[in-house]
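The values are calculated or read from the model by the stated rules, or taken from the named source; none is laboratory data. In this text the structure is predicted, and so the values were computed from the model without any measurement. Cβ coordinates were reconstructed from backbone atoms using ideal geometry, including for glycine residues, and neighbour counts include every protein chain displayed. Accessible surface areas use protein heavy atoms only, side chains included; no ligands, DNA or RNA. Shrake-Rupley method; radii C 1.70, N 1.55, O 1.52, S 1.80 Å.
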Amino acid sequence: MSLIHKTAAELGALIASGQASAAEVAEAHLDRIEQVEPKVRAFLHVDREVTLEQARAVDERIRQGEKLGPLAGVPIAHKDIFATRDMPTTAASKILEGWRPPYDATVTARLRKAGLVILGKTNLDEFAMGSSTENSAYHATHNPWDLTRVPGGSSGGSSAAVAAYQAPLSTGTDTGGSIRQPAAVTGIVGMKPTYGGSSRYGLIAFASSLDTPGPFARNVMDAALLHAAFSGHDPMDSTSIDAAVPDVVEAASNADIAGMRIGVVKEFGGEGYQQGVLNRFHDAVELLESLGAKVVELSCPSFTTALPAYYLIAPSECSSNLARFDAMRYGLRVGDDGTRSAEEVMALTRAAGFGPEVKRRIMLGTYALSSGYYDAYYGQAQKVRTLISRDFEAAFHQVDVLISPTTPTTAFPIGERADDPMAMYLADLCTIPSNLSGNAAMSVPIGLADEDNLPVGLQIMAPVLGDDRCYRVGAAVEKALESRWGGPLLKEAPAL
Amino acid sequence: MSVMAYDEALERYEPVLGLETHVELGTHSKMFCGCSTTFGAPPNTHVCPTCLALPGSLPVANEMAIESTIRIGLALNCSIAEWCRFARKNYFYPDMPKNYQISQYDEPLCFDGYLDVEVDGRTVRIEIERVHLEEDTGKSTHVGGATGRIQGADYSIVDYNRAGIPLVEIVTKPIPGTDRLAPEVARAYATELRELMRSLGVSDVRMEEGSMRCDVNVSLMPRGSSEWGTRTETKNVNSLRSVERSVRSEIQRQAAILAEGGRIIQETRHFHEDTGMTTSGRSKEEAQDYRYFPEPDLVPIAPDPVWVARLKSALPELPAVRRKRLQAEWGVSDHDMESMHNADAIEIVEATIAAGAPAADARKWWMGELARRANESGKALADLPITPAQVARVTELVASGTLNDKLAREALDGVLAGEGSPDEVVASRGLQIADEGELATIVEQVLAGNADAVEKVRSGKIAAVGALVGGVMKASRGKADAARARELILEKLGVSE
Amino acid sequence: MSAITRDEVAHLARLSRLAISDDELDHYATQLDDIIAAVAKVAEVAAEDVPPSSHALPLTNVFRADEVRQSLTPELALSGAPAVEDDRFRVPRILGEEA
Ligand SMILES: [Mg+2]
Ligand SMILES: [Zn+2]
């Protein structure tokens, strides 16, 4: 089997044992990127030389006997929202075109230290605002399963790169579903850790109280290895949890869910859901029962208002977070002809540098925070947030994990929802509650929808710091289905 | 702009004051990042991703700044919040990197306190509304245009070294009832606050470097009315004297407008040292919408009551208490104590006494000769190039008879001129009272040359001895001990008093 | 009746420092109106006695020690600046004073 088809764990073992070098592995992936990138367009930035230099440096560290983690030498693609010292970081926005951060994000720095080699920076919806990666200021990314469809979003470049075997691993950020939804629609594993379980330092903020870095991989164990490699307390992030990271690697190798209590959230399903998605979900419920889990239906009534609450909280925070893009200290500057004031240059730059979705959300957030509207909108949304957390809390008294389809539909065609923000927002219907309450949630592939033969994901939601439960259930589902399918779901994907 | 005479203004209107004071804390590092707070560093050398607001950077709160704020609150008799949050105050401005300031909104760390100040023998209680913690901005320099001021500049250049320095904001409740003493009350409050900060050791409170800035609110209500007028806010007044002057001039300005039937515009104003007047800044008529909301990048603060109690019990002696104690120790009058306080001399006098000077002498030199020098050069006492120990040494030289007052003044001259320590100046300038032998010779010469005066003294007109002593002082070029010279003269002439 | 007027959108754009053309104003007004109508659903939730959550998790008292850490070099600090003069960030003229 070629290097690009191996799992991250296998690659790490090959490199550790000297059967392959990090440079060879990086080269194989760079070649794959070169080959399929014209079709997939997952990346915003690739620099062969920088990558190979990193790989050679890792090989040298290994040769020197430095003790590195299990992923040493394994290549990774970073969502272009994590600051990287040696590559541009743009958040897929014109306003940051060409910006080179003078520092590394904590996620980036930890993975460098663990010996992972950066293949490049992946595409996203501008500032992570979107569910299709069409809102990138540079180009859309295509779903490897069907190039006319979106790879999900906002971390669509990262999901597509992993699904297209351009990278064995990638990072993403999940603010309202931006890891789980793209993972679901590209047939891979995506994990949103507990909020505060992974550091936001160096992650360009969209909505601070929701943004969560997390891993993409083609299987549950690889996701766990990556999760473990970058997670844990970071003193640079005040919202980071000062507690041990749940043992996700152990959980991923333990596929036993006998006796586990699993809840199906009644509020997810029905109208607006694609039948093929519901079919696969029901199959998954049966599968879990067959593996010895006890599945019950329960209600989380406030989940029905999660979407509107999210579309007040996230834009409010973003309207403030994005104020720093003002043409004064970095990034684009437009209209500075010597006569215009700073205020005018700020307004012209921001108008030229931000795309329409970003502007919409900034204005929406500005509105929701305005003095006359604060209580009715932002304040009320914060109360709904409390109710959602209470629903989760009550549910987790009864069950160990909750499950739902990850998304109501499979990947939709590029362009279909581009001009309809409200339709786009529905893609995150099932994923948003976990962002509002901060609990852990994962998406694992559970098959193809009957109508379109496109991947369907199962969302597994666990309590705060119960990340290991997601991995345990995910691993059980993966193991059972892969033995049924004779391999990973991705082998069903058309060749590129 | 017309102004009304102060007395007339006070006859017709009653002022209501309010003060918002910003104090930069003297922490080692900034409020939300590890950059140094040292003053005067080369531009943009104390900046990092966080205080430059680079994309992706995050704040982490400085524990010492929180502690200092709680101590300030306790010293101001405030309640300390059991739970509170930072909030974002959103507005765009080039010297504020994030385009929001991390501040506190409806949940300040400390609230409902007071500070008593003494003015004219009267104690005025200033109610404190809140004490909260926020961050400072960078510093813009305006280039082009005639004045270097913001208006008319071609562009600006910004140094963010100061951006993110912890700033405590202390807000009073409205202060009615100060009447014609309003300017003095404002000054006394600022002075007292400054001393409080110093005694707590939380800030160097140098107003000229901007580490303490006062926003002064003034409104007037017609005598007999109980409805407060529209207030103006004079921003960033940066000396104690200016606090007083700005209140006085704003009262006079507003009174003139009201008397002509005009109305006061709610606005920010700027005080100008040169004219002693304020001018209009930004109008607040179109209310700013700062869109405050809880800062999601920082978690709430819930001060541990045990910690707060410990901080409270460890508060130093507060300035007012200390002044009472020192007054008793030094045995000075209320009036003398107040004038030392107003001259900001207490600490320096205390240090001089600690260095060995008698209390009366320390006060005499600092409040007399040295205060005069400071005044002449427009400096604060503390900024004169002489140390309390040096002043103490001069008083010692006088006490031991090495110097008389005149020579002592010369010695101070020398020290202030940078000629070295008092002993070095005495040596290099040859400042030494004439010894007994020298003195006797000079006295002989003077008696011989002033027969008239000698005769008068002998005939009982003892007052005439003054002229002879003067002669001795002149002949000795000031180095004689005048008292001893007088004794010698009377002795030689065989006259007793 | 629409939730948001064209004038309000213009005001929001000004507050947000977004130079938006008249044509765009209409477009955004329509879209924002739709979105606001949808999110206004939060108002229907009975939540009088419910405390608001500003954060996902109930953490408190996260502080750092008052220690100086290495700052950026001025070269790095200014490396992304659109314009620099005298080691300072050069910015267009500033209209008025703020806050
Ligand atoms: Mg303030
Ligand atoms: Zn800094």
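Candidates A:Ser17, A:Ile313, A:Thr407 compared by Cα position along the dipole of chain A: farthest toward the positive end lies A:Ser17, with charges placed on Cβ. Taking +1 at the Cβ of each Lys and Arg and -1 at the Cβ of each Asp and Glu, which of A:Ser199, B:Val426, A:Ser155 sits farthest along the dipole of the protein assembly as shown towards its positive end, judged by Cα position relative to the Cα centre? It is B:Val426, whose Cα lies furthest towards the positive end. Peptide B:149-155 shows a mean partner chain C-beta count of 4 within 10 Å per residue C-beta. Take each residue of peptide A:305-312, count the partner chain Cβ atoms within 10 Å of its Cβ, and average: the result is 5.
B:Asp106 sits with roughly 110 Å² accessible to a 1.4 Å probe, with DNA, RNA and ligands left out of the calculation. Ordering B:Thr123, B:Thr387, B:Gly471 by the projection of their Cα atoms onto the charge dipole of chain B, which places +1 on the Cβ of Lys and Arg and -1 on the Cβ of Asp and Glu, puts B:Gly471 at the extreme positive end.
Direction-averaged projected area, Cα convex hull, chain B: 31.1 nm², rounded to one decimal.
Computing FRET efficiency as 1/(1 + (r/R0)^6) for C:Asp49 and A:Glu393, where r is the C-beta to C-beta distance and R0 is 22 Å, gives about 0.85.
The GluC sites (Glu not before Pro) of segment A:243-301 that DSSP puts in a loop, and whose beta carbon has at most 11 other beta carbons within 10 Å, are A:Glu271.
Packing around the peptides B:30-39, B:375-384, A:337-346, taken as the average count of other Cβ atoms within 10 Å per residue, puts them in this order, highest first: B:30-39, A:337-346, B:375-384.
With the cut-off at under 18 Å, measuring from each backbone N in segment B:227-257 to a point 7 Å along the Cα-to-Cβ line of B:Tyr91 picks out B:231-237.
Could you give me the percent of Cα pairs per 5 Å distance bin for segment B:112-266, shortest bin first, beginning at zero and ending with the bin that holds the maximum distance? The distribution over segment B:112-266 is 2, 8, 14, 18, 18, 15, 12, 9, 4, 1, 0, given as percents.
In this structure, B:Glu491 and B:Asp120 have a Cβ-Cβ separation that, at R0 = 60 Å, corresponds to a calculated FRET efficiency of about 0.70.
Measuring spread by the Cα atoms of segment B:375-465 yields a radius of gyration and Dmax of 18.3, 53 Å. Ranked by the mean number of other Cβ atoms within 10 Å of their residues, highest first, the peptides B:236-242, B:83-89, A:327-333, A:118-124 fall in the order A:118-124, A:327-333, B:83-89, B:236-242. Count Lys and Arg as plus one, Asp and Glu as minus one, and take only other residues whose Cβ is under 10 Å from that of A:Ala418; the net charge is then -4.
For chain A, the calculated P(r), taken from all Cα-Cα distances in 10 Å bins from zero up to the bin holding the longest distance, is 4, 22, 33, 26, 12, 3, 0, 0 percent.
Could you give me D for segment B:190-324, from Stokes-Einstein at 10 °C and 1.306 mPa s, where the hydrodynamic radius is the Kirkwood radius over C-alpha pairs? Units µm² s⁻¹, please. This corresponds to a translational diffusion coefficient of 87 µm²/s.
Using the alpha carbons alone, the radius of gyration of segment B:436-492 stands to its Kirkwood radius in an Rg to Rh ratio of 0.92.
The packing ranking of peptides B:52-65, B:444-457, B:173-186, highest mean first, is B:52-65, B:173-186, B:444-457, where packing means the average number of other beta carbon atoms within 10 angstrom of each residue. Other residues whose C-beta falls under 13 angstrom from the C-beta of A:Pro356 contribute a net charge of -3, scoring Lys and Arg +1 and Asp and Glu -1.
Per-residue mean of foreign Cβ neighbours for A:371-382 is 5 (Cβ atoms of other chains, 10 Å radius). Once the mean of 1/r is taken over each pair of separate Cα atoms and inverted, segment A:305-444 shows a Kirkwood hydrodynamic radius of 17.6 Å. Across segment C:6-45, Cα-Cα distances exceeding 16 Å account for 39% of all pairs. Diffusion coefficient (Stokes-Einstein, Kirkwood radius over C-alpha pairs, 10 °C, 1.306 mPa s) for the protein assembly as shown: 48 µm²/s, rounded to a whole number. Two tests apply to each whole DSSP H helix in chain A, Cα reach of 24 Å or more along its axis and mean Kyte-Doolittle hydropathy of at least -0.5, and the ones passing both are A:22-40. Under the combined filter of DSSP loop state and at most 11 neighbouring Cβ atoms within 10 Å, segment C:22-54 retains these GluC sites (Glu not before Pro): C:Glu48.
Surface analysis of the protein assembly as shown yields an accessible area of 37 Å² per residue, using protein heavy atoms and a 1.4 Å probe. Note on segment B:320-429: Rg/Rh from C-alpha atoms, Kirkwood Rh, equals 0.97. Shown is the FRET efficiency for B:Ser79 and B:Glu227, computed with R0 = 41 Å from the Cβ-Cβ distance and rounded to the nearest 0.05: 0.90.
In a reduced charge model with +1 at each Lys and Arg Cβ and -1 at each Asp and Glu Cβ, the protein assembly as shown shows a dipole moment near 960 debye about its Cα centre.
Strictly over 21 Å apart at the Cα level, which of B:Lys324/B:Lys364; A:Lys94/A:Lys359; A:Lys94/B:Lys98; A:Lys359/B:Lys30 would you flag in this model? Those over the limit are A:Lys359/B:Lys30. The equivalent ellipsoid of segment A:176-246 has semi-axes of 21, 15, 8 Å, largest first, where each one is the square root of 5 times an eigenvalue of the Cα gyration tensor. How much net charge surrounds A:Glu24 when only the other residues with a Cβ under 15 Å from the Cβ of A:Glu24 are counted, with Lys and Arg +1 and Asp and Glu -1? Combined, the nearby Lys, Arg, Asp and Glu give -1.
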